[in-house]
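What follows is a single structure, written as structure tokens, with notes after it.
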Amino acid sequence: MTRKDQLIKHLELGDRPKTLRWQGRKNKKVTPFAMMSMKEKYLFNDIHKIGYLDIETSSLTGNVGHMICWAMVVRDIHTGKTEVRGSYITPKDLAYAKKNKDADLIDQRILIELMEEIEDCDLLIGHWFIGKHRHDIPFTRTRCAINKVTGFPKYRMIRYGDTQKWGSLIHRLSSNGLAMIGDAYGVSTKKTQIKTKIWKNAIQFATKEDVGYVYDHNVKDCWLTYKIHKFMEEYVAIPGTYA
């Protein structure tokens, strides 16, 4: 008898071990959390849309570098459908920054667009994503602060999850990189290889071809994060991080 079978038997007999206590909401009884589907668990926690976000940057620190592009796979919990959102710098952004003699303005426009696109998300998930010495969220928050871009979610306005942290928690792999975890799950995506010259050209000149190459890499990372989380989500807690 599996653990789930045991829980169902307890439920049928009217037993109420800790894992089967009714979750009350507005004086209504709902299915015990352990027996809910993932859709029910997300909706019970008021999570209706999940954004799988990844950014590509010119540096690992937000006060020195800028954002080249961002991409996000948005998952609608109600319908199960997904969509891709994203934006990247162009030569016009470089010209705008040069005209105003302020290099930080290079990514101002795409930061504003990112803030608009995460407004309907209840949970953001990425890899090496949130917390001390992590990248995407601290970097984005820093760039918004420097560029005086408003709209970054305040405390308890949005939740965050990190597939790297989860991977290190539930697995024992030779590394907890995105590609390594994806390989373990058999969901590896053929990623656009990082080519130094192309990356430099994208940073310095924002040429359509070079930025497009970086953006393609960006989008594929988002899809891989989404696929990995779909494997992980039944083994980890619903994210409760609001930092």
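Please find the FRET efficiency linking Lys230 to Glu40, where r is the Cβ-Cβ separation and R0 is fixed at 22 Å, and quote it to the nearest 0.05.
According to the calculation, E is roughly 0.85.
Could you calculate the contour length gain from Tyr242 to Ala179, that is, 0.36 nm times the residue separation minus the distance between their Cα atoms, to one decimal place in nm?
20.0 nm
Which value at 222 nm does the chain reach when only helices count, each DSSP H run of 4 or more adding -39,500 (n - 2.57), with the total divided by all residues and rounded to the nearest 500 deg cm²/dmol?
-12500 deg cm²/dmol
Could you sort the peptides 177-187, 125-135 by per-residue average Cβ neighbour count (10 Å cutoff), highest mean leading?
125-135, 177-187
At 7 Å along Cα-to-Cβ for each site, give me the label-to-label distance between Val187 and Gln204 in nm.
3.9
Order 216-222, 144-150, 198-204 from most to least packed using the mean count of other Cβ atoms within 10 Å.
216-222, 198-204, 144-150
Using r as the Cβ-Cβ distance of Lys101 and Lys132, and R0 as 35 Å, what FRET efficiency do you calculate, to the nearest 0.05?
Rounded to the nearest 0.05, the efficiency is 0.55.
Which order do the peptides 66-76, 86-96, 36-46, 158-168 come out in when sorted by mean C-beta neighbours inside 10 angstrom, highest first?
66-76, 158-168, 86-96, 36-46
Could you work out the relative contact order of the stretch 45-232? I mean the mean sequence separation of Cα pairs under 8 Å and 6+ apart, divided by the number of residues, in percent.
26
Quick note: the coordinates plus some simple rules give every number you see, no bench work behind them. Computed from a prediction, not measured in an experiment: that's the story for all the values here. Neighbour counts run over all protein chains shown; Cβ positions are idealised from the backbone, glycine included.
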